[in-house]
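Worksheet for the structure shown next.
The values are calculated or read from the model by the stated rules, or taken from the named source; none is laboratory data. Source: prediction; values computed, not measured. Ideal geometry is used to build each Cβ from the backbone, glycine not excepted, and the neighbour counts take in all protein chains shown. Each accessible area value is taken on the protein alone, full model and side chains, heavy atoms only, with ligands, DNA and RNA left out. Shrake-Rupley method; radii C 1.70, N 1.55, O 1.52, S 1.80 Å.
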Amino acid sequence: MLVRKLSVAFMVSVALLTVTTLLSGSYVAINYLNDRDRELAALRAELVQAANQTAISMALPLWNFDRPQMEKVAESRLQDSSITRMVIQAADGAVLIDMKKGAEAESGKPPPGSETLVEKESVTFADQRLATVTVYATTRLVVARLKEHLLWTIVYILVLDAALVLSLYFLLRLWVFRPLREVEAYAATVSAGGRAGEVRRFRGELESLRSSVEQMIGQVQGRYNQLQMEIVEREKAEEELRRVSERLSLATRAGGVGVWDWDIRLNVITWDDQMFVLNGVDKGRFSGTYEAWQAGLLVEDAKRADEEVQMALRGEKDFDTEFRILRPDGSIRNIRALASVKRDGSGKPLRMIGTNWDITEARLAQERARAQQQQLVQSDKINSLGMMVSGVAHEINNPNNLIMLNADVIETFYRFLSPVLRKHAAANPEWTVANIPYDKMEGKMETLISGIAGGARRIKRIVDNLKDFARLDAGELIESVPLEKVVEASVGIVENLIKKSTNHFSILHKEAEPLPRIKGNFQKLEQVIINLITNSCQALEDRSRAIRISTWFEPDGNRVVLCVEDEGKGVPKELLGKVADPFFTTKRDTGGTGLGLSVSYGIIQEHKGEIRFDSEPSRGTTIEIRIPAQAGGSRKTG
């Protein structure tokens, strides 16, 4: 403690010494500069006077060109201690006299810290310029005199400073440090629990200090006792908080709930352990900023999630939302989030505290239930369609059979009547039938009659295909199915859609012989092909784009291949992996459900086959289906 007191005294002394030294030094420096300027001004005035007087004294000797007299005048001027050189030059520039004094004049260089002053004066006589007198003087003596004065002034100031510091230190020890030691001893006795005696009275402000110390010690003792009680209560509260925190942590881990805290002013997000588990991120890889959290969101959901946060910060709504995250391993998870915003007195948001939990399995279950519901609805529609098609087919087939029968009868009648009509037309060239000359109508009759018969047969084929497509079966994979027939039946059902969609539709069976048959279900495979053709038709942007269907056999894998190509809009590469997912569709705005390819994918898997998708935006899509041929149906090539 004494060391600290002595250090205070030392610091006060040093501070006082510094201040007085700076002030004194400033005064000395200013005084020195003023003295130097005054002395130099006086020296210059003497130099001017010496040059003037020398010019006057040299006038008559120069006129008479009395060299001894000129040297005597120059020598008399050099007796002045400050003048070091005297030069007299004739009017034509010739040096008449050049007298020097001292080493400084000989060397031509003034000593360090001094300078040489020069003054010139013209010598005239009878209004005629005879010569020029140049007088040189040094400031060495003036500078030396000023330095000596400065040195004695500094010594005086140092002595005065030392006396001042010693006096101050003595007074501090006598009037401050000794009373403070007594107060220190008094406080130490009380701190140690002993009973202190009376402290002697002090002078001036120290008496107030003594009273304040006594009061402060009493207050500190009371506060100490209060703190002891508060510490005990705090320890109990912390223990209870720890138990509650442990129970909460167990509950959140059991429920898969992560807790987070965002300091909005510092932009620092703090996660608990469960949050790192939910996001699949190591603790060292999360920087804990709002931008880092945004970077972990799926791109499609990032903007909406940020808008939800900003609306909550503005107080427009609670933060209660769902979004998807993209984990570092590439997996996508659905997250539910709830949070509350803490604000200051002015309503400015300070913190946001919330919870996250994974709802991916729940969403998948909902999608599976929705898919099953859609499939049930679709099955019900197909059942209804089957009953409706059966009734409609019966109603259509009866008049259509009559048309087919009568068309054949009319065709037979026309073959027998044709010679008679031709003979009558030859005899009556102007004969018309329905105002049409017979020679023009004769060639069209057979076309009209065959067209009626062909149209009726086409109606029958379409009705039969619809009846087969809508026929209820058990869905068992036990039929021996020819793929070419499935393609033919499928094209017949959607023929009208194909004609409306493209002018370039083609079917190519690359094998010269019939393809090996497939063990499966004709109706299900027909459903797949109809779905693929329908998707291709809907993808075309105009009728000039083509759709190509081809089939072939791969003997190496004993598989039958169906390929459907279109020149439609195509699908981006990043979405190709999702095209078979339930409810995924790029045609949501035109009524797409996202079930067609998903159901088709499942049917092909039932047939132990595989389906491959390849697509490029604006270039089109190619889908290849490979299904194992029926046992014993493979062929050798070559």
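Observations on the structure shown:
- Figure legend. Inter-residue proximity from segment 602-623: first residues open to solvent by 90 Å² or more (accessible area, probe 1.4 Å), second residues modelled with pLDDT of 90 or more and not acidic (Asp, Glu), beta-carbon distance below 6 Å, spacing 6+ or different chains. Indicated pairs: LYS608/PRO628.
- The residues listed here are LYS485, LYS519; of these, the one that is open to solvent by 60 Å² or more (accessible area, probe 1.4 Å), touching a residue at least 40 places away in the same chain (Cβ under 8 Å) and over 45 Å from the mean Cα position of the chain (by Cα) is LYS519.
Yes/no matrix, rows are residues, columns are (1) in contact with a strand residue (DSSP E or B) (Cβ under 9 Å, 6 or more places away or on another chain); (2) modelled with pLDDT of 80 or more; (3) buried (at least 17 other Cβ atoms within 10 Å of the Cβ); (4) basic (Lys, Arg):
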position: ILE30; (1), (2), (3), (4): no, yes, no, no
position: ARG44; (1), (2), (3), (4): yes, yes, no, yes
position: ASP66; (1), (2), (3), (4): no, no, no, no
position: ASP80; (1), (2), (3), (4): yes, no, no, no
position: ARG85; (1), (2), (3), (4): yes, yes, yes, yes
position: ILE97; (1), (2), (3), (4): yes, yes, yes, no
position: SER107; (1), (2), (3), (4): no, no, no, no
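- Some residue of segment 116-124 being open to solvent by 90 Å² or more (accessible area, probe 1.4 Å), over 60 Å from the mean Cα position of the chain (by Cα) and either modelled with pLDDT under 80 or not basic (Lys, Arg) (or both): no
- Candidate set from segment 203-242 (those that are closer than 30 Å to ASN356 by Cβ and open to solvent by 90 Å² or more (accessible area, probe 1.4 Å)); member that is modelled with the lowest pLDDT: LEU241
- The criterion of at least 1 residues that are in contact with a Leu (Cβ under 8 Å, 6 or more places away or on another chain) and under 21 Å from GLU574 (Cβ atoms) is met, among strands (runs of 3 or more DSSP E) falling completely within segment 261-357, by 319-326, 332-343.
- Inspection of segment 449-457 finds no residue satisfying the criterion of being at pLDDT 75 or above, surrounded by 13 or more Cβ atoms within 10 Å (Cβ to Cβ) and outside any helix (DSSP H, G or I).
- Those strands (runs of 3 or more DSSP E) of segment 508-577 in which at least 1 residues are closer than 18 Å to ILE498 by Cα, considering only elements entirely within it, cover 546-554, 559-566.
- Candidates are the residues of segment 556-577 that are open to solvent by 60 Å² or more (accessible area, probe 1.4 Å) and at pLDDT 65 or above; the one that is nearest to the chain's Cα centre (by Cα) is GLU574.
- Long-range neighbours under 6 Å by Cβ, at least six apart or interchain, first residue free of Cβ contacts under 8 Å to residues at least 40 places away in the same chain and assigned to a helix (DSSP H, G or I) within segment 415-439, second among the aromatic types (Phe, Trp, Tyr) and surrounded by 13 or more Cβ atoms within 10 Å (Cβ to Cβ): ALA425/TRP431; ALA425/TYR438; TYR438/TRP431
- Pick from segment 343-359, criterion surrounded by 13 or more Cβ atoms within 10 Å (Cβ to Cβ) and of a type in the set (D, E, K, R), ranking: modelled with the lowest pLDDT: ASP358
- Residue pairs meeting the criteria (Cβ under 9 Å; at least 6 apart or on separate chains; first of a type in the set (Lys, Arg), in segment 24-44; second in a helix (DSSP H, G or I) and open to solvent by less than 30 Å² (accessible area, probe 1.4 Å)): ARG36/VAL142; ARG36/VAL143; ARG36/LEU146
- Selection status of GLY296, closer than 16 Å to PRO328 by Cα, modelled with pLDDT under 90 and under 20 Å from the mean Cα position of the chain (by Cα): no
- Selection within segment 291-307 - surrounded by 15 or more Cβ atoms within 10 Å (Cβ to Cβ) and more than 18 Å from ASP358 (Cβ to Cβ): ALA302, ASP306
Residue-by-condition table, conditions (1) of a type in the set (Phe, Trp, Tyr); (2) surrounded by 17 or more Cβ atoms within 10 Å (Cβ to Cβ); (3) without any contact (Cβ under 8 Å) to a residue 60 or more places away in the chain:
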| site | (1), (2), (3) |
| --- | --- |
| ARG129 | no, no, yes |
| ARG140 | no, yes, yes |
| LEU146 | no, yes, no |
| HIS149 | no, no, no |
| VAL155 | no, no, yes |
| LEU160 | no, no, no |
| LEU174 | no, no, yes |
| GLU184 | no, no, no |
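- For segment 517-546, the set of residues classified as aliphatic (A, V, I, L, M) and more than 24 Å from GLY602 (Cβ to Cβ) consists of LEU540, ALA546, listed by residue number.
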